[in-house]
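What follows draws every value from the coordinates through simple rules; no lab data is involved. Computed from a predicted model, the values in this text were never measured in an experiment. Note that each Cβ is placed from the backbone with ideal geometry, even for glycine, and that neighbours are counted across all protein chains shown.
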Amino acid sequence: MIDAAALAAIVLSLKLAAVSTTLLLLLAIPLAWWLQASTSALARASEILVALPLVLPPTVIGFYLLLAFSPHQWPGAQWLALTGSSLAFSFTGLVIGSMVYSLPFVVQPLQASFAQLDKGLLEMAELQGLNRWQQFAQVVLPLCKQGFAGAFVLGFAHTLGEFGVVLMIGGNIPDETRVASIAIFDAVEQLDYAAAHQLSLIMLAIAVVALLAIYGRKKS
Amino acid sequence: MIDAAALAAIVLSLKLAAVSTTLLLLLAIPLAWWLQASTSALARASEILVALPLVLPPTVIGFYLLLAFSPHQWPGAQWLALTGSSLAFSFTGLVIGSMVYSLPFVVQPLQASFAQLDKGLLEMAELQGLNRWQQFAQVVLPLCKQGFAGAFVLGFAHTLGEFGVVLMIGGNIPDETRVASIAIFDAVEQLDYAAAHQLSLIMLAIAVVALLAIYGRKKS
Amino acid sequence: MNGWHINLLTLPQQPDLTLPTEGVTVLFGQSGCGKTRLLRALAGLDPHRGNISFRQQRWLSGTQTLAPAARKLGMMFQESRLLPHKTVADNIVLGQSIPLPAQLIDALDLTHLLHTRANQLSGGEQRRVALARTLAHQGQAILLDEPLTGLDAERKRNALALIKAAGKEKPVIMVTHQLDELLHVADHLMLMDKTRLCDGQLQALINHPLLVQQRGHAFSILCGEVKPSANGFSTLLLDDGQQIRLVGKQHITERGIAIDARDVSIALTRANDSSILNIVKVRIQSLGDADAAYATLELALGRQTLRALLSGHSIRQLGLAPGQWVYAQIKGTVQI
Amino acid sequence: MNGWHINLLTLPQQPDLTLPTEGVTVLFGQSGCGKTRLLRALAGLDPHRGNISFRQQRWLSGTQTLAPAARKLGMMFQESRLLPHKTVADNIVLGQSIPLPAQLIDALDLTHLLHTRANQLSGGEQRRVALARTLAHQGQAILLDEPLTGLDAERKRNALALIKAAGKEKPVIMVTHQLDELLHVADHLMLMDKTRLCDGQLQALINHPLLVQQRGHAFSILCGEVKPSANGFSTLLLDDGQQIRLVGKQHITERGIAIDARDVSIALTRANDSSILNIVKVRIQSLGDADAAYATLELALGRQTLRALLSGHSIRQLGLAPGQWVYAQIKGTVQI
Amino acid sequence: ESLRLAVASNFRPALAALAPEFTRTTGIELVISSGASGQLATQILQGAPFDIFLSADDHYPARLHSSLGGDLPQTYAQGQLWLVSRTAANDWQSLLRKSDKIALANPALAPYGAAADTLMQSLAPLSATRVTAANIAQVRQWYDAGHINTAWLAGSLVPADAPTRFNLTAQLHAPIRQQLLVIKPSPRSTQFITFLLSPDTQRQLQPLGYDPVNADD
Ligand SMILES: Nc1ncnc2c1ncn2[C@@H]1O[C@H](COP(=O)(O)OP(=O)(O)OP(=O)(O)O)[C@@H](O)[C@H]1O
Ligand SMILES: Nc1ncnc2c1ncn2[C@@H]1O[C@H](COP(=O)(O)OP(=O)(O)OP(=O)(O)O)[C@@H](O)[C@H]1O
Ligand code: MOO
Ligand SMILES: [Mg+2]
Ligand SMILES: [Mg+2]
């Protein structure tokens, strides 16, 4: 039924989403906490900075990432010097691109959730001797679980569906950067609607299963 | 400096974002409330349904919307019969498309925020004689303001940056459906990098001003 | 007409009772016995099965329930439940189109806090704001869940007077664990434990085991004709012609006085050189368990009963016996 | 060494005091006077300026502050602050690697609730869990912000005993509005109003205006040699050779007894036929304002002072005068 | 009066250069929407309000014609296929052999990509990584940003400063025919087609990177 190329694209998409979302959460959790806790001007500026990528179309973000990754530009040159390989047309590049693009979708629900957490419980937890990590695991995580679920869902699903950035910096290389969203786009462009429908359905099915797992657990 | 076409695109983008976000909030607020309050299977299913559009690339969502809007299909035919005009390639169509695509980004922060609201305050408010609307305005809104700010920012910014769906159902028609994100994309495609940079900067500036207005108010 | 008819099948006590139309009903019972759940059931906040009606209104009938808002109740929750972003003034009149209740605010010492936002209040200040809000509520009844916790003695006295006054206007149900609060405001009593709920007049239930178990010793309630204050005294004229005199600003109410059995001592002769004002002649009805360290005696005072808590030692030393006439010295009284 | 040295410039009372190493210090003051703020300052929860040290540790020095966790304090907040998603058992041992404190749990009647999640508890149950958690804390001191609100009398008695016991192990500071709680557990007292904070031994401050104003009448504290219980009595041997006898299971502690001035009456002769156990011979030191409805008399009892609240009427009738020897009848006592 | 044109991205600059002349002589405004040919075709199938579709190839117009009918597609320009590089090389075959990364448009979507693919197949096997772009403009972007040193481009997109460049149009077995299809016949549409196919206009295509249409095509 499904050809090997389509399957490879789906597997790659899942891998990209899993890696990006994991890294994103690691980055977004402390960031969101800082944004809601701090009243400094720096925090307000960062809040805006995080939201900014939102207003540019993904392909344009991809375009700017393309410029940033360029060996002629400082960041790209640094990366090349450090790792010996280029970020463009690589899985690592896609991960970075997806993270830049999905960051606000992960930070915002977390930040809103943290803002509503009863800070008195943290005071209590600190006096009871819980360290930072325990406070996070035993107080913040369970009490903000809706926020975490929201952040995870938005981040994961958004990365699965990510397309504009990947299109720009990916290069459509099978097994490396040819993710499912690109494959569906290709099919539509070729007016191969049957293939597009099939791939779309598979993506939706995967999403339903993933969401069921999250929301099913959440409400119990 | 800025040519009339670029200006028209920006104005159109702002109009689209304003209309879509307003309608989205009107739709998403009761929806998010229901999703967090209800324990019914229907609510869980709807929760998943709302998040589903996320996993498909925007151009593919645009493709399916295009099919749905088609006068050969039931929804498009109904609309045509009712209004005498087609949804595809119209501003109204863009609004609907943006709403479908941005709905999860508005619903999720609201839902997370509502889940953390102290329901005891609503019990109190009800006994004090506040009606539904007053409860919303005087209890939910001020206490979930971070969630509302998050929903608004994600919804508005995302619609400003919306591109894939608009590209597909809009048809890039000047003044009607050629929004700024498409204009930037066009400029990049035409290798007119200067125009792309200029438009991107304008969009970012608008975003900074809008975000400042939101976050500035929020923390005071 | 009556206040509440309550018959709830979904509480472990399965309460089935009728509360009076007016006055303060105190709901008393151990922590965790279900007091808050009962108040919530009355307010319609949880699903229940049974029947509740108030005056002519059906509030619950089977599982058909009248919405909380339609019951028109003022309720003070065990937690203060203020809107943190609103000022004290806005919290007090929340949802009620009334002017600021200046008298209440003054009596609860909130005037200086009117423009403070609720999230800047101390715990006791929050309680007072919540109480003001509830007492100012224009509804047809008031429910108070431990309204006086966290208040200092002075504020508590003022608050009790307000609650008592509110009971004159509409029925009030108040949860408390404190005996002094109960004695000050209760017209009617509901005594609850995890399985039972019984109710009745304060007079009838004052020595109910559920109450005595909590406070440790017995009370008496004496009623009589109240004579207005003269040269510093109010006088309660008992049915056998004897008098109880009370000094001070507060006057005896028609409801009488409550006397802690600890505050009653016995003498065989009337002491003429004692500072104790109230010495009444009584006949010993029963001695209680005179072998124990302490025993509660029941003393006939006219048609009423006075109780005295004496040490077994004293009982034996004085050779007290049922039927004997003795003098009861009453030191402390609580005007109820 | 000492417990706390506290010198805070950022509280309106500008407290500057030294608290003892052990025992229970009660912090008493009107609602809103700043008690919670002081406890929070001690716990390091708000920014402050000044000096705080505990034993040899500097907790605050200028604005340099030791982190709350490093102060190793058990603190019970005015709100219970339980983790709603955890069981009672998990809440009690939260953050402390200790086994479940079975004795505490039993004394606070929480055994049947150990596996209940905290969001399913009644208000009083929450308070008890929070108290158990705080008393089980392995830190070097304990802060309790109104720990007994919302508890019924029986639970309150048990909790007071636990708090008193905790004070034997490490210093405890406890906020309360309730006089009975204060008398039962206070070794040391901090009296606070919006502008002042003074501290001292319970004995020294028992009739401080800030305290009397709240409760309305005076107290006496009598100390002496305690003689072990014999045939149902404990005896407190006063310095002039007279005795106070107390009946019952509870025995007099070394700290003595507190006597409410309301519970003391005066007779000119010793009544031999009265049930009042304790009649002591005293000399009137001062009469107070005998023209008022009530007056507080000071009575010399050996080297100690006993206070009696009498009606002006009685004082005039008995013709009491300073220097006169009379008999004081003591009805109620509180063992402190 | 205006005429709505849906034009493949690669031809848009050329069209923009020709438009003023057309408007001046006919008084008809051109409303230009550009995009990927496949995307424009999809939209037209769903009723997009365009008068004329200018595709990057002959495939999409044929597909549309089979569903919509009407006049047959017509070739309006012939594409030039170029191989450009920053690396010096004597011939295009050795250039391809020594490149490590080669960018081309997706053969499945773009005729330039398909043409490039055919030429590369003839040299197989090549060691280079093939980086595939969604359209031919993207190939140029990659080249510009320095990610790619060797790229297959349309004549209209060849950078003026590329050190190595080969026009390989002649190597192709079949020309790259960019065809148009009239979606909504009208006198204005006819006017435009007449203008575009006129020898005058066709002559102007050469400097814009396209070969004129042969009279016999
Ligand atoms: N977060 C806050 N921000 C500003 N002011 C506050 C805040 N919390 C309390 N206050 C004010 O500080 C004063 C002291 O408050 P505190 O909570 O210490 O009182 P308290 O003595 O504990 O009273 P209570 O017995 O009512 O708990 C009060 O006037 C209160 O209004
Ligand atoms: N949300 C809840 N879910 C399940 N059980 C609850 C819930 N709230 C209270 N309970 C349980 O119901 C019983 C009665 O609770 P309730 O709050 O009515 O007690 P209460 O008499 O008001 O006690 P307190 O004096 O401590 O406030 C308790 O055993 C309590 O554990
Ligand atoms: O159809 Mo194009 O010319 O590859 O953008
Ligand atoms: Mg309760
Ligand atoms: Mg306090």
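Taking the beta-carbon count within 10 Å as an exposure proxy, list D:105, D:259 from fewest neighbours to most.
Ranked by crowding around the Cβ, least crowded first: D:105, D:259.
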FRET efficiency for residue C:286 and residue A:133, using Cβ-Cβ distance with R0 set to 51 Å, rounded to 0.05: 0.15
Calculated FRET efficiency for the pair residue E:66/residue E:168, C-beta based, R₀ 25 Å, to 0.05: 0.20
Lysines with Cα under 23 Å of residue D:281, excluding same-chain neighbours fewer than 8 positions away: C:331, D:227, D:331
Dimensions in Å of segment D:219-330 - Rg and Dmax from alpha carbons: 14.2, 44
Per-pair calculated FRET efficiency, R0 = 56 Å: residue C:67 and residue B:4 via Cβ, rounded to 0.05: 0.45
Sorted by Cβ neighbour density within 10 Å, fewest at the top, the residues C:109, D:145: C:109, D:145
Sum of side-chain charges, residue C:4 neighbourhood, beta-carbon under 13 Å (Lys, Arg +1; Asp, Glu -1): +1
DSSP bridge orientation in chain C - percent antiparallel, rounded to nearest 5: 75
Chain C, relative contact order in percent, only Cα pairs under 8 angstrom and at least six apart counted: 16
Segment C:1-147, dipole about Cα centre (Lys/Arg Cβ +1, Asp/Glu Cβ -1), debye to the nearest 20: 380
Residue-averaged [θ]222 nm for the protein assembly as shown, counting only DSSP H segments that reach four residues, each worth -39500 (n - 2.57): -13500 deg cm²/dmol
Peptide B:188-200 - average C-beta neighbours from other chains (10 Å radius): 5
Where Rh is the Kirkwood radius over Cα pairs, Rg/Rh for chain D: 1.03
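Can you give the Kirkwood hydrodynamic radius for segment D:270-336, in Å, rounded to one decimal and based on Cα pairs?
12.5
Return the percentage of antiparallel bridges among DSSP beta bridges fully within the protein assembly as shown, rounded to the nearest 5 %.
Working: 137 of 188 bridges.
Here the share of antiparallel DSSP bridges comes out near 75 percent.
Which net charge results for the neighbourhood of residue D:182, defined as the other residues with beta-carbon distances under 14 angstrom from its beta-carbon, given Lys and Arg at +1 and Asp and Glu at -1?
So the environment of residue D:182 carries a net charge of -2.
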Charge dipole magnitude, Cβ of K and R +1, D and E -1 - segment A:4-216, Cα centre, debye nearest 20: 320
Quotient of C-alpha Rg and 2.2 N^0.38 Å, computed over the protein assembly as shown: 1.27
Euclidean distance between Cα centres, segment B:77-98 to segment D:1-63, Å: 69
Semi-axes of the equivalent ellipsoid for segment E:22-88, Cα gyration tensor, largest first, Å: 26, 19, 13
Charge dipole magnitude, Cβ of K and R +1, D and E -1 - chain C, Cα centre, debye nearest 20: 460
Chain A: C-alpha pair distances exceeding 24 Å, %: 51
Tilt relative to chain B, helix B:74-83 - C-alpha long axis, 0 to 90 degrees, to 10: 90
Exposure proxy ranking, count of Cβ atoms within 10 Å, fewest first, for A:139, A:11, A:153, B:19: A:11, B:19, A:139, A:153
Whichever lysines have a C-alpha closer than 16 Å to that of residue B:145, once near sequence neighbours (fewer than 8 apart) are set aside: B:119, B:218, B:219, C:86
Label-point separation in nm, residue E:204 to residue A:23, each point 7 Å along Cα→Cβ: 4.9
